[in-house]
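Worksheet: the structure to be examined is printed underneath.
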Amino acid sequence: MLAETTSFTLEGITARPVKVEVDIHRGLPSFQIVGLPDAAVREARERVRAALVNTGFEFPLRRITANLAPADLRKAGPGLDLALATGLLAASGELPPDRLTGWAFAGELALDGSVRPVRGALAMTEAARECSCRGIILPAANGPEAALAPGIEVRTIDSIAELRQFRGGDVPGHRPEPAEPVSGDSLPDLRDLRGQANLRRAIEVAAAGGHSLLMVGPPGSGKSLAARRIPSVLPPLASDEILEVARIAGVCGAGSLRAERPFRAPHHTVSAAGLVGGGSPPRPGEITLAHRGVLFLDELCEFRRPALEALREPLESGEVSISRVNGRRTLPADFTLIAAANPCPCGRGEEDPECECSPAAVARYKGTLSGALADRIDIIVGVTQPDPEAMAGGDGECSSAVRARVSAARERMRERLGAGRPNAAATRSEVSQFELEACARDLLVEAGRSRRLSGRSHDRILRLARTVADLDGSGPVREDHLAGALQLRRRSGS
Ligand SMILES: Nc1ncnc2c1ncn2[C@@H]1O[C@H](COP(=O)(O)OP(=O)(O)O)[C@@H](O)[C@H]1O
Ligand SMILES: [Mg+2]
């Protein structure tokens, strides 16, 4: 007999539907899977066989062929196990095929018949809705992620033994509750940062406008501490952004089931492919995992040059395109870059009499700083050791107060540029429409001459000034806003 079920395989961050056709014929007992399965899919035979037998189902001692369509799509991973087992049960008459119609399945099987979570549950659930499935049946651990998808029934099971409920006309499993969004209050709080008024200001402007930020200062001055607190001052994700972020985290197996802004801090040994995505089969990189959140590059100068170079394009466009054998694929990568660096190789800084770095070493180090990414970084802030008095004093301002100002500024940006687009994302034509007071314009022209600004730097300063004005609640960009923006780019040398 022939039976058919629906499942999915992941390609990049997309779930592609797979039809699982199972045919049982007379003949010598065998179990074949065809249709471009990878090694994990081929091994499904052993898992399905053991799982069925160990949960008391009959495993047909006949010739079994499973075909995965479309035949030209590579099927990867163990997520097809559950659909293969269900199809086999329908083809052997253990389950009524008509009751399975319209249901999609995804899950890995353990030998005792329990189901294990899969990567990409949300992407698969959305794909099931798109191909007009009635619902999807998944492992219990995937429930909160899958239930984020609106407009489709989600059921979760712990074991394939529960599939027996199809016999009585019921649908097996439970309806899971969706993952709860996490509020900024439960994240590490900016109140822990003592002193450092300049750094605080830079963080607030970066968070409000989505501007990239480089902190340059000696070790132990609080750079890493501050960076880890930036997600808590960002406004909460909008509901469509929660879905986007959860979809990516789910596909990459990074799903914390917490609907919060991502914070990714890859180690400086990361490869270019690890950072921006790639490899074979192509996998999303850190910048895609940081989509709608923060990418923190600590010890910026230690990163490999090719990895930093690879960041240039995504920093401009908010997405990354990865070459593949059969064309290019574009992945989302709209993140705020936060970086930290020491002022010189020993970390003390040239002005410090104890700095032992040779002038050549300092020059090389500064070359790295000003090379790869300097023209893509909006704000450069010099950090010094915190004032002893501030360190001995009380807490700094807490994140919720900063977040309130950031959110108010973002609201002004939303009215001007549309949802999810802070000033850093403004296009050339949008920048040219920013309202500028005459003396602010004069100051910009003067700075352009004296600093010999590139066209790109010019626009960056305008975006930055726009954010300073938005934080100030001002319609036009005034002279003091522009001066503030120039100040925030001071260490860039541009
Ligand atoms: N400004 C500061 N406010 C509060 N604690 C600080 C500050 N600067 C440093 N510290 C303390 O020193 C530790 C190391 O700081 P860290 O952020 O790692 O410095 P850096 O990244 O600049 O080398 C922090 O965990 C914190 O305990
Ligand atoms: Mg550090």
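Bear in mind these aren't lab numbers, they're just calculated from the coordinates by the rules spelled out. Note that this is a predicted model, so its numbers are computed, not measured. Here the Cβ is made from the backbone with ideal geometry for all residues, glycine too, and neighbour counts use every protein chain on show.
Using the number of other C-beta atoms within 10 angstrom as an exposure proxy, rank Ser457, Ser432, Ser224 with the fewest first.
Least crowded to most crowded, the residues run Ser432, Ser224, Ser457.
For segment 151-293, count the residues as N, evaluate 2.2 N^0.38 Å, and divide the Cα radius of gyration by that value, please.
For segment 151-293, the normalised Cα radius of gyration comes out at 1.40.
Expressed in whole Å with the largest first, what are the equivalent ellipsoid semi-axes of segment 240-362 derived from the C-alpha gyration tensor as the square root of 5 times each eigenvalue?
Each semi-axis is √(5λ); the values are 32, 17, 11 Å.
Select from segment 351-399 those GluC sites (Glu not before Pro) which occupy a DSSP coil region and have at most 11 other Cβ atoms within 10 Å, ordered by residue number.
Of the GluC sites (Glu not before Pro), the ones in loops of segment 351-399 whose Cβ has at most 11 other Cβ atoms within 10 Å are Glu351, Glu354, Glu356.
Under a 5 Å amide H to amide H cut-off, with H placed in plane at 1.01 Å, what residues pair with Cys344 once short-range neighbours are removed?
Close amide H contacts, sequence-distant or interchain: Gly349.
For Ala265, list long-range residues whose amide hydrogen, built 1.01 Å from N in the peptide plane, is under 5 Å from its own amide hydrogen.
Phe296
Could you work out the local net charge near Asp459, counting Lys and Arg as +1, Asp and Glu as -1, over the other residues with Cβ closer than 13 Å to its Cβ?
Taking every Cβ under 13 Å from that of Asp459, the sum is +3.
Any idea how far apart Ser407 and Arg26 come out in nm if each label point goes 7 Å out from Cα toward Cβ?
Result for the modelled spin labels: 7.1 nm.
At 0.36 nm per residue, minus the direct Cα-Cα distance, what do Arg416 and Ser321 gain on full extension? Give it in nm, one decimal, please.
Residue separation times 0.36 nm, minus the Cα-Cα distance, leaves 31.4 nm.
As a test of understanding, state the convex hull volume per residue of the chain from its alpha carbons, in Å³.
Per-residue hull volume (Cα only) is 168 Å³.
As a test of the definition: which semi-axes, in Å, follow for segment 2-166 when you take the square root of five times each eigenvalue of its alpha carbon gyration tensor? Largest first, please.
After scaling each eigenvalue by five and taking roots: 23, 17, 14 Å.
From the phi of every residue in segment 149-161, what ³J(HN,Hα) in whole Hz does the Karplus formula 6.51 cos²θ - 1.76 cosθ + 1.60 yield, where θ is phi - 60° and glycine or proline is x?
For segment 149-161, the Karplus-derived couplings read 6, x, x, 8, 7, 10, 10, 10, 10, 9, 8, 5, 4 Hz, x marking Gly and Pro.
Between Glu446 and Asp158, 0.36 nm times their residue separation minus their Cα-Cα distance comes to what?
The span from Glu446 to Asp158 would gain 96.9 nm if fully extended.
What are the ³J(HN,Hα) values, in whole Hz, obtained from phi via the Karplus relation 6.51 cos²θ - 1.76 cosθ + 1.60 with θ = phi - 60°, for each residue of segment 13-27 in sequence order, with x given for Gly and Pro?
Once θ is set to phi - 60°, the couplings for segment 13-27 become 10, 10, 9, 9, x, 10, 8, 9, 9, 10, 10, 10, 10, 5, x Hz.
If each residue's Cβ is checked for other Cβ atoms within 10 Å, how do Ile242, Ile160, Ile33 rank with the fewest at the top?
Ile242, Ile33, Ile160
Under the rule of at least 5 residues apart or a separate chain, name every residue whose amide H is placed under 5 Å from the amide H of Phe8.
Hits under the 5 Å cutoff: Val18.
Grab the Cα-Cα distance for Glu313 and Arg99, subtract it from 0.36 nm times how many residues apart they are, and report the gain in nm with one decimal.
72.1 nm
Below 8 Å, C-alpha to C-alpha, sequence gap of six or more: please give me the relative contact order for the chain in percent.
Relative contact order comes out at 13 percent.
Just to check I understand the Karplus step: with θ = phi - 60° and J = 6.51 cos²θ - 1.76 cosθ + 1.60, what whole-Hz values come out for segment 330-335, glycine and proline as x?
9, 10, x, 7, 9, 10
Quick check on the chain: of the DSSP beta bridges with both residues there, what percent are antiparallel, nearest 5%?
50 percent
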